[in-house]
Amino acid sequence: MTPPPPESPASATTAVALRKIRPSDPASAGILLAVAALFSGAAGAQAPAYPAKPVRIVVGFSAGGPTDVVARSFADYATRALGQPFVVDNKPGANTILAAEAVAGAPADGHTLLFGATNHAMIPALYSARIKFDAVRSFAPVCTVAASPTVLVVGPSLKAPTLAAFLQQVRAEPGKRTYATPGTGSSGHFASEAFTRLTGTAMNHIPYKGAAQAVTDLMGGQVDSSFATLGSVLPQVQSGKLTALAVAAPQRSALLPQVPTFEEAGVQGYRADAWYGLLAPAGTPPSVVAALRKAAQDFARAPATVEKLRGLGLDAQSVCGDAFGAQLQREVQDYTRSARTLGLQTE
């Protein structure tokens with residue numbers, strides 16, 4: 001005779017509970033049914049494993065720029081930490097609207113994520129009439145993992161060794177000198193327009209679909225300057241292919257100690273920086289967000305990450321969950337006000 005299968009812990013607990021109940025008592029019979037349902041439900045309710053399949057990380061810029069580089073570093077780390085491939089999918093165009101739209105409309109299961117940057121908070125300021133998502137409410141903020149100051153760099157087409165010389169040449173030819181950005185409404189665009197407004201200068205905006213091509217054309221002399229994140233131009237500055245004139249931060253960068261801040265160079269009150277971070281579709285289960293948050297925090301804390309990011313001109317940084325969401329909300333409001341003040345228009 002075949003012996004009965006062994007009881008599961010939940011079944012055994014249920015049996016003990018049932019033995020204490022008198023079947024002849026109607027009230028006890030009701031309790032009996034409730035207890036049975038409770039324990040049978042507990043035995044069968046198990047959260048699905050995450051990730052259950054490869055995870056797609058959508059980046060709204062072309063390959064090679066700082067957002068892409070940081071996203072790929074995180075993807076490599078998360079692949080090892082969470083046991084499924086994390087694959088970067090570059091979807092450039094429309095100032096990252098295409099990428100954000102793809103993630104906002106994706107299933108909220110954590111298998112499609114957005115790796116964004118500061119310009120995500122700028123989208124409502126410029127495109128509120130055409131976007132099909134809310135930059136804050138359509139996403140579950142996970143964590144930032146890195147930050148970078150903005151630096152003014154010039155290429156070979158503009159012989160300006162200092163910020164004072166740069167301003168002299170720009171003022172001598174209003175509207176003629178050019179500046180490159182990763183796109184209209186990008187952090188570089190806002191930083192540039194804020195600078196021209198603050199200094200009373202005028203330059204011609206040349207937008208690109210990402211930082212990599214903007215830097216290439218800057219080195220080639222097709223454009224004169226760029227208010228770029230330090231991470232996107234550090235190798236070119238260190239090799240002498242580009243000249244850094246000032247850093248938009250309260251203090252000098254340890255990576256470019258010879259480059260003054262804007263305040264030291266004579267422009268008071270000018271500061272700009274950029275964050276890089278992970279967002280999931282709104283409605284993603286808290287357990288999934290928690291797993292991603294832990295991976296992001298561990299990534300930012302890892303000594304290898306700190307060293308790699310520093311080599312790219314970035315600082316490892318973790319602002320997570322509600323704090324990240326509050327920061328994003330503040331930035332949306334600030335950039336919306338700035339866009340009105342600066343008169344920025346989409347192209």
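What number, in percent, do you get for the relative contact order of the range 176-307 if the mean sequence gap of Cα pairs under 8 Å and at least 6 apart is divided by its residue count?
19 percent
Give me the 1.4 Å probe accessible area per residue for the chain, excluding ligands and nucleic acids, in Å².
46 Å²
If you roll a 1.4 Å probe over the chain with all protein chains in place, what percent of the accessible area is carbon or sulfur?
Ligands and nucleic acids excluded, carbon and sulfur reach 55 percent.
In the chain, which whole DSSP H runs stretch at least 15 Å along their own axis (Cα) and average 0.5 or higher on the Kyte-Doolittle scale?
Those that clear 15 Å and a mean of 0.5 are 9-19, 26-44.
Normalised by the number of residues in the chain, what is the relative contact order in percent for Cα pairs under 8 Å and 6+ residues apart?
Relative contact order of the chain: 24 percent.
Between Ala282 and Gln238, what is 0.36 nm times their sequence separation minus the Cα-Cα distance? Round to one decimal in nm.
11.7 nm
Filter Lys91/Lys294; Lys132/Lys294; Lys91/Lys132; Lys53/Lys209; Lys91/Lys176 down to the pairs with a C-alpha to C-alpha distance above 23 Å, please.
Lys91/Lys294; Lys132/Lys294; Lys53/Lys209; Lys91/Lys176
Before rounding to the nearest 500, sum -39500 (n - 2.57) across all DSSP H runs of length at least 4 in the chain and divide by the residue total; then give [θ] at 222 nm in deg cm²/dmol.
Computed ellipticity for the chain at 222 nm equals -13500 deg cm²/dmol.
Just going by the charge dipole of the chain, with Lys and Arg at +1 and Asp and Glu at -1 on Cβ, which of Val145, Val247, Ser226 is farthest out on the positive end?
Of the options given, the answer is Val145.
Where does the longest stretch of the chain lie that holds no trypsin sites (Lys or Arg not before Pro) found in a DSSP loop with 11 or fewer other Cβ atoms within 10 Å?
160-347
Please report the net charge: other residues with Cβ closer than 14 Å to the Cβ of Val170, K and R +1, D and E -1.
Local charge sum for Val170: +2.
Can you give the FRET efficiency for Gln84 and Arg301, using 1/(1 + (r/R0)^6), R0 = 22 Å, r = Cβ-Cβ distance, to the nearest 0.05?
About 0.55, to the nearest 0.05.
Expressed in nm to one decimal, what extension gain is obtained for the pair Gln222 and Arg310 from 0.36 nm per residue of sequence separation less their Cα-Cα distance?
Gain in length upon complete extension: 28.8 nm.
Please work out the Cα convex hull volume for the chain and give it in Å³ per residue.
So the per-residue hull volume is 178 Å³.
Using a simple spin-label model with points 7 Å from Cα along the Cα→Cβ vector, what separation in nm is obtained for Ala165 and Ser128?
My value for the distance between the label points is 4.4 nm.
Given Cβ point charges of +1 (Lys, Arg) and -1 (Asp, Glu) and nothing else, what value in debye, to the nearest 20, does the dipole of the chain about its Cα centre take?
About 140 debye.
The values are calculated or read from the model by the stated rules, or taken from the named source; none is laboratory data. The shown structure was predicted, so the numbers you read here are calculated from the model rather than taken from an experiment. Cβ atoms come from the backbone with ideal geometry, glycine included; neighbour counts cover every protein chain shown. For accessibility, only protein heavy atoms count, side chains too; no ligands or nucleic acids. Shrake-Rupley method; radii C 1.70, N 1.55, O 1.52, S 1.80 Å.
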